[in-house]
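Structure first, then comments.
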Amino acid sequence: MSRLLEMIAWSDEALERRVLDSISLKAPWPVVEHLATLTRLSGTPEERRAVELLARHLEGWGVPHRVYEPECFISIPLAASVRCNGTAYRAKTPAMSVSTGDEEVTGELAYVPGGAAGSSPGDVFSAGVEFGGARVAGRIVLTEGMASPGKVKDLMAAGAIAGIFINPGQNIHEGICTTVWGTPDLDSAARQPTIPVVAVNYADGQALIRAARQGGRAGVSTRLETGWRTIPVLVAEIPGTRAPEECVLLHGHLDSWHTGVGDNATGDAAMLELARVFWRHRRRLARTLRIAWWSGHSHGRYAGSTWYADTHALDLARYGVAQVNCDSPGCRWATTYDHLSAMSETVPFVDAVIRATTGITPQPERPPRAGDYSFNSIGLSSFYMLSSTMSDTDRAERGYYAVGGCGGNIAWHTEDDTLEIADRDNLLRDMRMYAASVLRVLNAPLHPFDWTRTTAEFRQTVGGYQQAAGDQFDLSPAREAIDALEAALGEFYAGGPARGTARGATVRRFNAVQRRLGRLLIPVNYSRMPAFWHDPAINVPPLPDLAPALALPRVAGDPAQRGIVRAHLARGQNRLVWALTQAREVVLGRGPLTPPPARP
Ligand SMILES: [Zn+2]
């Protein structure tokens, strides 16, 4: 086995068996049942009771923990309605919509077909609207899909005065429609939605489409409570024994829509069980494990995890090994790990640990811009978001459409996300899978990540962009920098510390190089913003600064537009090549590692 493979497949088999054997449903299942009775809107008393429930368990086991009380920008939907031709239709408004209060926005309906629904949960979060020349300014736009931030942004830009989203089924799904990631800052505050937005179900949507085709008018009203609220963020910390400054963050949201059993009571209970089991084996853990239960996920666009990223940014930048998200594990009929989020460098590791613990071959995908991935601009290696899910064929056979959680159950974000969505066997399997994954990252002497997977991904991405650009723009500087880094990585891994013989300082340095690679290579692939700032909650394409190459064929005949795109690509390529060059220096042992330690 090569040193790289040995590093990725590392496990302490005896300890792993003991940890996995300690995991049971005894504590977590009653927690799922209890959470199934609590509607956990962010910053409300019922959510507080859920925090107390978890904290009581941690207290009982002696797990060190703390409840933080940040003040965040939160939006709670209260009521909504749509009136058309004398009929009142049932509607829901997403968090962060404009609240019309007692007023009503009235106008002519403009129907814009929403296009084919995507097949992946990522599409639920990131799709936009194609207007196809339809006149929408000054009108109420009626379109298919979830009231997602990308679509609402497009509606606002086109001058619509309100949006009505036709959900694909009988139920109306709750959601949040702002592109502002976490609590707003001076740069992002202006992106707050400025129009009222509602969703209706499929049948009512068809009636509204008929009205729109006859030039009908509608009235939309919404009521929300939006403003600053104190929200609870519960964090448990189990200190490592050998490299306590290096930490792994396991996290998921405690707040919910309705009783949110599949999304995310199962995840909350799973993380609680992992806290219990890892605390029990704490003397055998090399690195520090932090487990966080967020509020503000559903009603503040990841406000809790964003606050945590802001508050612990420098520590995470220095010592964060990985962030592992836990959302919607243990759901009914969830027999696959298809559409599993994992950054490229973690894919071989994720594949090995999931096959070893479950016998299932996962199908990892690029993480979408969603799900508490509030650490991308810091550059933390990341894996998992949504957990196990039903297969695409299974979903098609049930006549289900794609949703963003609950293992593919369409009870997601509705009143139906109740106890029947959780599955004991699947929860046990997923807890074991998470425990093995976290244990290996905590204890592997060398971080088990393969950065040549990242350079391979970059090469493929740049190849696709070059093909689109043709002779309109030259991306060979990027290609050459990728090749140079990959060659250096080959030597780095071949000459890495060998098993059993490595001395402490060598190992620490090797790991510091790997973490520094994350800080350099993840931001250019997942973020357009400077480090520590948060990109909007809309799709970020791979190597986003170079993605406009895809537009070059379209603007080839328009010198003004072509000039703008080329200038953008020149700057974007500089950013990428600079990051790749620094990464190579670090790998060759010539570049700086992390800034001076935060702790004495
Ligand atoms: Zn969720």
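The values are calculated or read from the model by the stated rules, or taken from the named source; none is laboratory data. Here the structure is a predicted model, which means the values were calculated and not measured. Cβ placement follows ideal geometry from the backbone for every residue including glycine, while neighbour counts extend to all protein chains displayed. Just the protein is used for accessible areas: all its heavy atoms, side chains included, with ligands, DNA and RNA removed. Shrake-Rupley method; radii C 1.70, N 1.55, O 1.52, S 1.80 Å.
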Would you mind calculating the gained length between Asp558 and Thr241 on full extension (0.36 nm times residue separation, minus the Cα-Cα distance), in nm to one decimal? 107.9 nm
Checked segment 76-225 against the a/c 1.5 cut and the a/b vs b/c comparison, axes a ≥ b ≥ c from its Cα gyration tensor; verdict rounded
Sort Trp10, Trp293, Trp333 by accessible area with a 1.4 Å probe, largest first. Trp333, Trp10, Trp293
Quick one: how many Å² of Phe492 are accessible to a 1.4 Å probe, rounded to 10? 30 Å²
Given Cβ point charges of +1 (Lys, Arg) and -1 (Asp, Glu) and nothing else, what value in debye, to the nearest 20, does the dipole of the chain about its Cα centre take? 1240 debye
FRET E, pair Thr335, Asn85, Förster distance 51 Å, beta-carbon r, rounded to 0.05: 0.65
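Largest first, what is the accessible-area ranking of Glu246, Glu480 with a 1.4 Å probe?
Glu480, Glu246
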16 Å reach of a label modelled at Glu225, 7 Å along Cα-to-Cβ, counting backbone N of segment 291-330: 296, 299-300
With every protein chain in place, the accessible area of Lys153 for a 1.4 Å probe, in Å² rounded to the nearest 10, comes to 80 Å²
Quick one: how many Å² of Asp558 are accessible to a 1.4 Å probe, rounded to 10? 60 Å²
Candidate lysines - alpha carbon under 17 Å from Lys92, same-chain residues fewer than 8 apart omitted: Lys151
Please report how far the C-alpha centroid of segment 223-263 lies from that of segment 531-600, rounded to the nearest whole angstrom. 31 Å
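Computed FRET efficiency, Cβ-Cβ of Ala456 and Ser22, R0 35 Å: what is it to the nearest 0.05?
According to the calculation, E is roughly 0.40.
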